[in-house]
Amino acid sequence: MPKHTSSLLVAREQALAVRSLYEVLEERFNGKTWSLHELMIGFSNDVGYIGRLLLAHEGTWGIDGDPRAELQHKLAESVWWTFVLADKLDIDLDEAFANTMASIRAGLESTIARTGSSEPNQP
């Protein structure tokens, strides 16, 4: 039976291929590729901009362009940054994501079971 390739693995390959193109330009223009710290600053800037885009999406912050299209772009770019950082740190994001979701789910299911129904008690 052929092994299933998760969409995270495919996305990782695409993200790292794009990152390698950025590295070519960084070498050409800066003589070196970005450090882990510089990558994190880039990621942080994009995450901060998502906050403003959410305000624009709600109509409380004006921007040029379509807030939804910008949000789609920046959210996708944030996923890209995550793959790049995970690669630099030698973290298997596919495995980490699966393990983290399983752990969170188990905790939530346990809390839900322990706390019972959220409906008020009837006399």
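Every number in this text was worked out from the coordinates using simple rules, so none of it is lab data. Just so it is clear, the model here is predicted, and its values are computed rather than measured. Please note: Cβ atoms are built from the backbone with ideal geometry, for glycine as well, and neighbour counts cover all protein chains shown.
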TODO: Only helical DSSP H runs with n ≥ 4 go in: add -39500 (n - 2.57) per run for the chain, normalise by residue count and round the 222 nm mean residue ellipticity to 500 deg cm²/dmol.
DONE: -26000 deg cm²/dmol
- [ ] Taking the Cβ of each residue in HIS57, HIS37 as the centre, tally the other Cβ atoms inside 10 Å and list the residues starting with the fewest.
- [x] HIS37, HIS57
Open item on the list: Rounded to the nearest 20 debye, what is the charge dipole size of the chain about its Cα centre when +1 sits on each Lys and Arg Cβ and -1 on each Asp and Glu Cβ?
Closed with: 160
Open item on the list: Charges on Cβ only, +1 for Lys and Arg, -1 for Asp and Glu, centred on the Cα centroid of the chain; of GLY31, LEU108, TRP81, which one is farthest towards the dipole's positive end?
Closed with: LEU108
Open item on the list: On C-alpha positions alone, give me the angle between the axis of helix 93-115 and the longest principal axis of the chain, in degrees, nearest 10.
Closed with: 20
Task: Candidates per GluC sites (Glu not before Pro) in region 1-66, loop by DSSP, up to 10 other Cβ within 10 Å - done: GLU58
Task: the chain: most fluctuating residue of SER78, SER103, SER20 per GNM, C-alpha cutoff 10 Å - done: SER103
Open item on the list: Translational diffusion coefficient of the chain at 10 °C, 1.306 mPa s, Stokes-Einstein with Kirkwood Rh over Cα pairs, in µm²/s as a whole number.
Closed with: 89
Open item on the list: Using a Gaussian network model on the chain with a 10 Å cutoff between Cα atoms, which of LEU93, LEU108, LEU75 fluctuates the most?
Closed with: LEU108
